[in-house]
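Peer 1: Below: one structure in structure tokens.
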Amino acid sequence: MKHTEKELLALKEEVSQMWRLVLSQLEKSKTAFLTNDVSLAIEVASREKRVDLFELKIDSDCENFIALYNPVAIDLRLALSLLKIGGTLERIADFADGIARQVIEESCKNFPLEMKQRLQIETMFDTVIEMLAESYVALDSDNTRLSGKILEKDETIDNIYRAATKILAEAIDKREIDAECGLKTMVIVRKIERMGDHCSNIVEEIVFYMDAKVLKHSKIMEE
């Protein structure tokens, strides 16, 4: 095995470790929000610095690899993709941390569970988790066959997000829920929607690395 191949495998493993941590953060923020589990939310918030350290190390290692080995073709695409994926994972973790911190505040702990169900927040969380987990498998196996199906799931999240805006606005107008908590919940829904967008960005990076295709801003993907 060439030295450059060993370096790339090491970079890939660093990103994989970060990925597993971020996936855990996302799953725990979901449980904390749906069950108002403050102790679990505190755990998510306390692990955020670990995510940040991962991103910094991946940034540095990818930049050093490019500078030292002057990679070309697929090796260069992999290094660039890992660099961008590290930053995107950090942003997803930031959103998970933001959700956890709202739980810690306990300002909306009495927000009706029935309203959370109407908003389909659990479905949004589960879909993002599926997207993140499946894209991890795609990178780990160097396989982009599922990319189209993963990207389609973002549309599910977008549809729920659009419906949630109307549901919350009507509920606040009818005074079914506290206005402040309604607005804070809308922020949570928005964070989940943005996490879905970031998962799509990760899939696009994997396709760029494996197939040398640029999907950014594209609405159509050939499976």
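Quick note: the coordinates plus some simple rules give every number you see, no bench work behind them. Note that this is a predicted model, so its numbers are computed, not measured. So basically every Cβ, Gly included, is an ideal-geometry build from the backbone, and we count neighbours across all protein chains shown.
Peer 1: Using a simple spin-label model with points 7 Å from Cα along the Cα→Cβ vector, what separation in nm is obtained for Arg190 and Arg20?
Peer 2: Once both label points are built, they end up 3.5 nm from each other.
Peer 1: In degrees between 0 and 90, to the nearest 10, how far off the longest principal axis of the chain does helix 179-211 point, with axes built from Cα atoms?
Peer 2: 20 degrees
Peer 1: Within 10 Å of each candidate Cβ there may be at most 12 other Cβ atoms; applying that plus a DSSP loop requirement, which GluC sites (Glu not before Pro) in region 60-126 survive?
Peer 2: The qualifying sites are Glu106.
Peer 1: Please report how far the C-alpha centroid of region 172-210 lies from that of region 9-30, rounded to the nearest whole angstrom.
Peer 2: Cα centres, region 172-210 to region 9-30: 20 Å.
Peer 1: What is the extension gain from Ile104 to Ile74, computed as 0.36 nm multiplied by their sequence separation minus the C-alpha to C-alpha distance, in nm to one decimal? If you can, show how the numbers build up before the last one.
Peer 2: Numbers: separation 30, 0.36 × 30 = 10.80 nm, distance 4.42 nm.
Full extension from Ile104 to Ile74 adds 6.4 nm.
Peer 1: Also: How far is helix 48-69 tilted off the main Cα axis of the chain, in degrees rounded to 10, range 0 to 90?
Peer 2: 20 degrees
Peer 1: Here's a follow-up. How large is the helix-only mean residue ellipticity at 222 nm for the chain, computed as the sum of -39500 (n - 2.57) over DSSP H runs with n ≥ 4, divided by its residue count, in deg cm²/dmol to the nearest 500?
Peer 2: Helix contribution divided over all residues of the chain: -29000 deg cm²/dmol.
Peer 1: Which one, Ile42, Ile202, Ile121, has the greatest fluctuation when you compute a Gaussian network model over the chain with C-alpha springs under 10 angstrom?
Peer 2: Of the options given, Ile42 has the highest mean-square fluctuation.
Peer 1: Semi-axes of the equivalent ellipsoid for the chain, please: Cα gyration tensor eigenvalues, times 5, square-rooted, ordered largest first, whole Å.
Peer 2: Semi-axis lengths for the chain are 36, 20, 12 Å.
Peer 1: If neighbour count is taken as other Cβ atoms inside 10 Å, put Lys191, Lys2 in order from fewest to most.
Peer 2: Numbers: Lys191 20, Lys2 9.
Arranged by neighbour count, lowest to highest, Lys191, Lys2 become Lys2, Lys191.
Peer 1: HN-Hα J couplings of region 94-106 from phi, Karplus 6.51/-1.76/1.60, θ = phi - 60°, integer Hz, Gly and Pro as x?
Peer 2: For region 94-106, the Karplus curve yields 4, 5, 4, 5, x, 5, 4, 5, 5, 5, 4, 5, 6 Hz.
Peer 1: Using a 10 Å cut-off around each Cβ, can you sort Cys62, Cys199, Cys181 from fewest to most neighbouring Cβ atoms?
Peer 2: Working: Cys62 24, Cys199 28, Cys181 19.
Fewest to most other Cβ atoms nearby, the residues stand as Cys181, Cys62, Cys199.
Peer 1: Considering the chain as a Gaussian network with a 10 Å cut-off on Cα pairs, which listed residue, Leu68, Leu89, Leu78, attains the greatest mean-square fluctuation?
Peer 2: Leu68
Peer 1: Which ³J(HN,Hα) values, rounded to whole Hz and listed in residue order, are derived for region 164-169 from phi using the Karplus coefficients 6.51, -1.76 and 1.60 in 6.51 cos²θ - 1.76 cosθ + 1.60 with θ = phi - 60°, glycine and proline given as x?
Peer 2: Each residue's phi maps through the Karplus curve to give 4, 4, 5, 4, 5, 4 Hz.
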